[in-house]
C-alpha cells in the first residue's frame with residue numbers, strides 16, 4: 001500500500017444540523033432517503049464520509065477494467081455516473097463537501113429511470129439546489145522515523161455560473177512505500193547450507209494530479225466534460241547485505257508514469273418517460289520503467305517503455321413504462337491497445353525473452369437490455385442480457401488473433417418482507433477481462449525471476465449465485481450477510497511455457513475449471529447505550545476456491561487469492577467538543593501463487609491506526625493520525641524447485657525474507673470556504 005493515495009482523500013466541511021431518522025420513500029419507488037441532517041452527529045467532511053455511514057450500505061468503488069459499463073461502482077452523483085475512469089469514485093465523492101449534499105438515497109432493486117450499473121443496491125448523492133460554490137485548501141504530511149516526510153497540498157473548488165457549473169482540483173504529493181523496509185533474509189538450500197543476509201529496502205515517489213470538470217446545457221440536454229492529467233514517479237532500491245559485509249546485491253528500480261483523460265457525457269429527456277444518455281471517453285498513458293542490478297562483478301539492466309490507450313463510445317436509452325416497470329437498452333464500443341518495447345542486458349550482453357516487444361489491441365462491442373419490474377411493494381425483479389463480442393490481436397514478437405463472443409445474462413430479486421428485513425438474490429454470468437500486461441515478458445532482479453508473456457490467454461467465465469440478508473435495527477444499526485458461489489471456466493493462473501530453444505518460463509495462462517465460495521459479513525453497530533456518539537463498523541470476507549494444479553495434478557486454491565480480508569473501525573463523535581476520534585484495524589493478508597517451479601507465499605501483518613480530528617470553527621479542521629502502531633511486517637517465502645514438476649525430490653532452495661515498516665505520524669490541516 002502506498003500512502004500517496006491517502007493525500008488524495010482531502011475534502012470538505014461539516015453541516016450544522018441535528019440528526020433525524022431517515023425518510024422512507026413510497027414503496028413503489030424502492031428508495032430510502034437519508035437527509036444531510038441524519039449524518040450531522042457524525043460530523044462528516046465530504047459526501048464520501050456520508051455514504052460510508054449509511055446503515056447496511058457497503059461502498060464499492062468499481063473495477064479497474066477496460067470499457068465503461070463494467071468499471072462502474074455503486075454510487076451515483078446527481079443520478080449520474082461521472083464520465084471518467086481515471087478519477088476513482090472515492091476521490092470524486094471526497095471532492096464534494098458535506099455542506100453541498102442535500103441527501104443520500106439508497107435504491108434497492110431498481111427505480112424508474114435509475115442506472116443501477118448492474119448492482120442490486122446503489123447510493124445516489126443528491127446535491128443542494130442552492131449550492132453556489134466552495135473552495136478548499138489543505139496541507140498534509142507524514143513524518144517517518146527515518147526522517148523522511150511526505151508533504152502534500154490540495155487546492156480545489158467549484159463555482160456555479162447561472163446554469164453552468166465548473167469545478168477543479170490540483171494535488172501535489174510525495175509518498176512513501178510502506179511495503180519497503182528492513183529485515184532478515186535466509187536462503188536454505190537442498191544440500192543443507194544456510195545463507196543469511198540483511199535486506200534494506202526503500203521506496204517512494206512524487207506525484208501531481210490536475211482535474212477540471214464542466215457542466216452546462218446543450219441541445220436541450222445536459223453536457224458534462226471531465227478532464228484529468230496525472231504524473232507520478234516511483235523509485236525503489238534494495239541492498240542485500242551478507243553478514244561478512246562483502247559483495248552485495250544492489251537493485252534500483254525507477255518508474256515514471258504519465259497519463260491523461262477526457263470524458264464527455266450528455267443526457268437529454270426525449271419524452272416525459274424516456275431519456276437518452278451518451279458517453280465518450282479517451283485515455284492515454286505512457287510508462288517508462290528501468291531496473292538495474294550489480295552483484296559480485298556482474299551487472300544487468302532491464303528497461304520497458306509502454307504506451308497504452310482506450311477509446312470508448314456508449315449510448316443508453318431509458319424508458320419508464322409505469323411507476324413499477326422500466327426498460328433500458330444500448331450499446332458500447334471500445335478500442336484498447338498496449339505497445340511495449342523491452343531491453344534486457346546482463347554484463348552488456350543482450351538477453352532474449354519471448355514476447356518482449358509486442359503490440360496488443362482489443363476491439364470490443366457490447367449490446368445490452370435491462371428490464372426492472374416492481375411486482376409488489378415488497379418484491380422487485382430485474383432481468384438483463386448483455387452480448388459481448390471482442391477481437392484481441394498480438395503483433396511483433398508474437399503474431400496471433402483471437403475472437404470471442406459471450407452472452408452475459410443476469411437475474412436479480414429483492415424481497416422486503418418488513419421494514420427491518422430484506423433478502424436479495426442474484427444469478428449472473430460474468431466474463432473477466434485479460435490484463436494486457438500479461439501478454440508481455442518481464443524480469444525481477446530482486447528475485448532473479450524471468451516471466452514470459454501469456455500469448456494463449458482467454459478470458460475467465462464465471463457463473464455467480466448470490467444470496468444476501470440485511471437486517472436494520474435502531475437509528476443506524478444494520479447487519480448484512482452475503483453468500484456467493486462461483487463456477488469458473490478457464491481460470492487465469494500460472495503455466496509453463498517452453499520457447500524454441502527449450503528454455504522454461506513461468507507465464508500467465510488458463511489452467512481449467514474451478515469452484516469458489518465467499519461469505520461476507522458487514523456490521524454497523526451504534527454504541528450510544530454504552531459510549532455516547534460511539535459507532536462500531538466492521539466488514540469481513542472469507543473466500544475459498546478449488547482448482548487442479550496443472551503441474552502436480554493436485555487440488556489447490558487459485559493463485560493470489562486471500563482466504564480472509566477484513567476491517568474493524570471504532571469512532572466516537574463529540575459534537576459539543578467539535579471532536580471526533582477513533583481506532584481502525586485492517587486485517588493482514590496471506591496470498592500463495594504457484595509457478596511451474598516455484599511456490600511463493602506472501603504474508604502481511606495487520607495495520608492499526610488511531611486518529612483524532614478537531615474542528616475549532618466552521619470550515620477549519622485539523623486531523624492527526626498515529627499510523628501502523630504495531631510496526632507491520634511483510635514476509636515473502638519462495639520455495640524453488642529444479643526441473644518442471646515441483647516434486648519434493650527436486651527441491652532447490654527456500655528464500656525466506658521479512659521486512660518491517662516502522663510506525664509514523666500523519667497530520668492534515670484543511671480550510672474550506674463557501
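Nothing in this text is a laboratory measurement; each read-out follows from the coordinates by a stated rule. Given the structure is predicted, the values throughout are model-derived calculations rather than measurements. Virtual Cβ from ideal backbone geometry, glycine too; neighbours counted across all protein chains shown.
Summary table below
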read-out: Residue order, fewest to most beta carbons within 10 Å, for 520, 156; value: 520, 156
read-out: Calculated FRET efficiency for the pair residue 403/residue 475, C-beta based, R₀ 51 Å, to 0.05; value: 0.40
read-out: Cβ-Cβ FRET estimate between residue 137 and residue 247, R0 fixed at 51 Å, reported to 0.05; value: 0.50
read-out: Sites residue 163 and residue 239, calculated FRET efficiency, Cβ-Cβ separation with R0 56 Å, nearest 0.05; value: 0.40
read-out: Stretch gain in nm, segment residue 411-residue 667, where the contour uses 0.36 nm per residue and the Cα spacing is subtracted; value: 87.5 nm
read-out: Relative exposure of 541, 135, judged by other C-beta atoms within 10 Å (fewest first); value: 135, 541
read-out: Residue 513 versus residue 467: modelled label distance in nm, points set 7 Å from Cα along the beta carbon direction; value: 2.3 nm
read-out: Theoretical ellipticity at 222 nm over the chain - DSSP helices of four or more residues, -39500 (n - 2.57) apiece, nearest 500; value: -500 deg cm²/dmol
read-out: Footprinting exposure proxy for 50, 153 (fewest neighbouring C-beta atoms within 10 Å first); value: 153, 50
read-out: Spatial separation of Cα centroids for the stretch 194-230 and the stretch 369-405, in angstrom; value: 28 Å
read-out: Listed values [x] -0.34, -0.61, -1.18; [y] -0.37, -0.68, -1.35; [z] -0.43, -0.71, -1.08, entry calculated as log10 I(q)/I(0) by the Debye sum over Cα atoms at q = 0.06, 0.08, 0.11 Å⁻¹; value: [y]
read-out: Rough spin-label spacing in nm, given labels placed 7 Å along Cα→Cβ, for residue 255 and residue 376; value: 5.3 nm
read-out: Inter-part distance where the stretch 453-498 and the stretch 422-436 are each reduced to a Cα centre, Å; value: 7 Å
